[in-house]
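This report refers to the structure that appears directly beneath it.
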Amino acid sequence: MNQPMLEDSPYLPKWAEITRIEQLTESEKLFEMRLANGEPLGHSPGQFVELSVMGIGEAPISVSSAPTENDVFELAIRRIGNLTTAIHGSVTGDRVGIRGPFGTPFPVEEARGKDLLFVAGGIGLIPLRSFIRFVLDHRDEYGEVTVLFGARNPSERIFLDELEQWEERDDIIYLESVDKSGPGWKGNVGVITTLFSQIHVDPSRTYCIVVGPPVMYRFVILEAKARGIPDRQIFLSLERKMKCGIGKCGHCQINHLYVCQDGPVFRYTDIFDLEEAL
Amino acid sequence: MTDKIFSKEEWLGGLEALRKTYGVFVPVKDGDFHTFMPFDKGNIPDFDYQNSRLSPKSVVYPQSERLFEYTLDKADSEADIVKESPKDYSPRAVVGIRPCDVQAFQIVKRNFDNPEYRDPWWVQHFESTTLVGLGCNEPCSTCFCTEVGGGPFNQEGLDVLIFDMGETYLLRGLTDKGEALLGKITGGSPADDQALKNAEDLAASASKKITSSIPTDKLKEKVTNDLFNAPFWEEIAFACLNCGTCTFLCPTCWCFDIQDEVLGKEGDRIRNWDSCMFPLFTLHGSGHNPRDNKFQRVRQRFMHKLKYYVDKYDNGVQCSGCGRCVRYCPVNIDIREVCNLMNNY
């Protein structure tokens, strides 16, 4: 009847402790966590984990911290469904389950020595922040770095301290816009693509990394192409209801691809003609 | 390979004795249908049947299986820490399973047991199971196993094959597992040449009774996007209720969901069959659904079985021709017709 525990089972969550919680906006919180076994998460920028809140279930959440940040990692989470509502009710010291990291990373190695154009829409900044922070920690290994961030309105901007720091740095260009202005807002107003007129890129050496809501991809890709950035240097991260994380349960299938395994980060040339993808 | 002849009484007595060492699953008459159930006092095997309504896939891949358990009691130092639930991997035998359903296990095996991945539970359940197939003397009108690489007496994947010879059974041990099972059944006599010839004749005549012609030969060379954008999907899906019957009855559908269930302070993590026919299958927490329309879901099911799987494993279609989805679809959507449309598009 009994058999040895499957310690290496890809389905067995490791437990982690919430070490810090920060309210980012009305509906987003940042959770800093540490695995109980003391090991680092071992992720690459762009990967995700399956987060368990015991008694509720599991959901795929992208990792927002860079792997350079030692033994803790950060998940920034919007309160929107069952699991995310449950985790928003947790407190420092609570236990959660972690499986992963899963999926493909951003082109951290391939883009080394090249220019980077990051385009983040809304909470698309959460996974992209992992790569941005990694690049800032290895600043001399990359060329020109530009970050474009768009939010629906000023109150939905996240990581405000970091946005300010990015704006002040003279070794990166940071531009932002909101779709709709709000009280006290003096910055750009307009969809994220309106920022493209303010930037200069050298298309042959630029890698464009895009994460945002589904509708944003189509328009940002058009802008990137108009700037002459080759399709193979455009990367994007797709969102699907990923359950098992290892390409078996079928939920995240897009034609012959599994987003949890073949993605979530895709090279545009690999999916430009993939029906249902964008 | 051994061939032995048993009288039917002898074989039934042998099965009863087999229960000492195996959990024996047999087809049992259950209302108007047959279902595979454990052979015990209340469940008498009835091998005079065409096929069970539900496939026996649940013997290896339970519809719901408790994977892990944990306590939510904060007073417990182990609160929220997940532990593997005990599972039963004692030997089992599925006796009377049809060759199409055995072939279905071979199809699912490509997903759950391959060089890149071994499913921790499916593989152990499968390896502890002995498949004692019963050849089909009288295939149903909806059967098309011969069109998808199988046949009513197909031996591939079986451990033992039974030929129903009328008064007797001829049992053929095909693997070590099968021989081990037969070794536990006393009685019987070696099959002579005449019996072997009769068995082959039976198989040949059964194959001829399957008249469906479902070509699958051109599926591989088709361009995925051509099939995806073909004009027939809306029409195929028109009457679909998204009830999911096709996927739940299908012996080759393997999609699953993982859910937590809590009673008091004790929690279980459970793996359940899921269905790509349901809108919830792809619904995001945000409300966005990348497969929002019914026809997209119907298309996904057929494209997965008849194109994506074909391309990925290069080993035929993800269908064993059992015909359950054809028989039990409440609106008569017919995979044979869809396959024809796709293959000829």
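The values are calculated or read from the model by the stated rules, or taken from the named source; none is laboratory data. In this text the structure is predicted, and so the values were computed from the model without any measurement. All Cβ positions, glycine included, derive from the backbone under ideal geometry; neighbour counts span all protein chains shown. With ligands, DNA and RNA removed, areas are computed over all heavy atoms of the protein, side chains included. Shrake-Rupley method; radii C 1.70, N 1.55, O 1.52, S 1.80 Å.
Observations
- Chain A: angle of helix A:125-137 to the longest principal axis, Cα-based, in degrees nearest 10: 80
- Apportionment of accessible area to carbon and sulfur, segment A:193-238, percent (1.4 Å): 58
- Residue order by solvent-accessible surface for A:Ile234, B:Ile44 is B:Ile44, A:Ile234, largest first, with ligands and nucleic acids left out and a 1.4 Å probe.
- Summed side-chain charge close to A:Glu144 - residues other than A:Glu144 whose Cβ falls under 10 Å, Lys, Arg +1, Asp, Glu -1: -1
- Rounded to the nearest 10 Å², the accessible area of A:Cys244 at probe 1.4 Å: 0
- Between A:Val215 and A:Glu109, the FRET efficiency estimated from the beta carbon spacing at R0 = 30 angstrom works out to 0.50.
- The modelled label-to-label distance for the pair B:Asp201/A:Glu39, using points 7 Å beyond Cα in the direction of Cβ, is 6.5 nm.
- Options B:Ser275, B:Ile214, B:Pro251, ranked by Cα towards positive dipole end of segment B:192-277, top entry (Cβ charges): B:Ile214
- Ignoring the sites themselves, chain A has its longest run without chymotrypsin sites (Phe, Trp or Tyr not before Pro) in a DSSP loop having at most 16 other Cβ atoms within 10 Å at A:1-184.
- Per residue value of the accessible surface for the protein assembly as shown (all protein chains in place, 1.4 Å probe), Å²: 42
- Remark: accessible surface ordering of A:Arg133, A:Arg240 (largest first) is A:Arg133, A:Arg240, probe radius 1.4 Å.
- Accessible surface of segment B:224-343, 1.4 Å probe, proportion on carbon and sulfur as whole %: 53
- Counting charges near B:Pro279 (Lys, Arg +1; Asp, Glu -1) among other residues having Cβ under 13 Å from its Cβ returns a value of +2.
- Cβ-Cβ distance of B:Thr2 and B:Phe232, R₀ of 60 Å, FRET efficiency by 1/(1 + (r/R0)^6): the value works out to about 0.75.
- Estimated buried accessible area (total), pair A and B, 1.4 Å, Å² to nearest 100: 4000
- Residue-by-residue Karplus 3J(HN,Hα) for segment B:104-109, coefficients 6.51, -1.76, 1.60, Hz, glycine and proline x: 4, 4, 5, 5, 5, 4
- Amide H partners (placed H, <5 Å) of B:Leu54, local residues excluded: none
- One decimal place: the segment B:Tyr89-B:Thr175 gains 29.0 nm when fully extended, by the rule 0.36 nm per residue minus the C-alpha distance.
- Estimated FRET transfer efficiency when R0 is 51 angstrom, pair B:Lys209-B:Glu78 (beta carbons, to 0.05): 0.30
- Taken one residue at a time, the phi angles of segment B:240-248 give Karplus couplings (6.51, -1.76, 1.60, θ = phi - 60°) of 4, 9, 6, 6, x, 3, 4, 6, 6 Hz. Gly and Pro are set to x.
- Qualifying trypsin sites (Lys or Arg not before Pro) in segment B:37-127, where qualification requires a DSSP coil assignment and no more than 12 other C-beta atoms within 10 Å, comprise B:Lys41, B:Lys74.
- Chain A, helix-only ellipticity at 222 nm - DSSP H runs n ≥ 4, -39,500 (n - 2.57), divided by all residues, nearest 500: -5000 deg cm²/dmol
- Taking 4.7 Å between beta carbons as the limit, the unpaired Cys residues of chain A are A:Cys208, A:Cys252, A:Cys260.
- Annotation: amide H of A:Val145 within the under-5 Å range of A:Leu116, A:Ile173, sequence separation 5 or more or interchain, hydrogens built in the peptide plane.
- Expressed as a whole percent, the accessible surface of segment B:3-208 that belongs to carbon and sulfur atoms is 49, based on a 1.4 Å probe.
- Selected from A:Asp94, A:Asp161, A:Asp137 as most flexible by GNM, with chain A as the system and alpha-carbon contacts under 10 Å: A:Asp161
- Between amide H atoms placed 1.01 Å from N, distances below 5 Å from A:Asp94 occur with A:Ile18, all of them 5 or more places distant or on a separate chain.
- Among the GluC sites (Glu not before Pro) in segment B:44-121, those located in a DSSP loop and surrounded by at most 15 other Cβ atoms within 10 Å of their own Cβ are B:Glu78, B:Glu116.
- Remark: for residue pairs A:Lys14/A:Lys114; B:Lys87/B:Lys177; A:Lys114/A:Lys241; B:Lys8/B:Lys184, the C-alpha separation exceeds 25 Å in A:Lys14/A:Lys114; A:Lys114/A:Lys241.
- Column: log10 I(q)/I(0), Debye, Cα scatterers of segment B:170-232, q = 0.24, 0.30 Å⁻¹: -1.07, -1.20
- Given +1 at the Cβ of Lys and Arg, -1 at the Cβ of Asp and Glu and no other charges, the dipole of the protein assembly as shown around its Cα centre is 1200 debye to the nearest 20.
- Spatial separation of Cα centroids for segment A:212-244 and segment A:172-205, in angstrom: 17
- The helix-only estimate of mean residue ellipticity at 222 nm for chain B, built from DSSP H runs of length n ≥ 4 each weighted as -39500 (n - 2.57), is -8000 deg cm²/dmol after division by the residue total.
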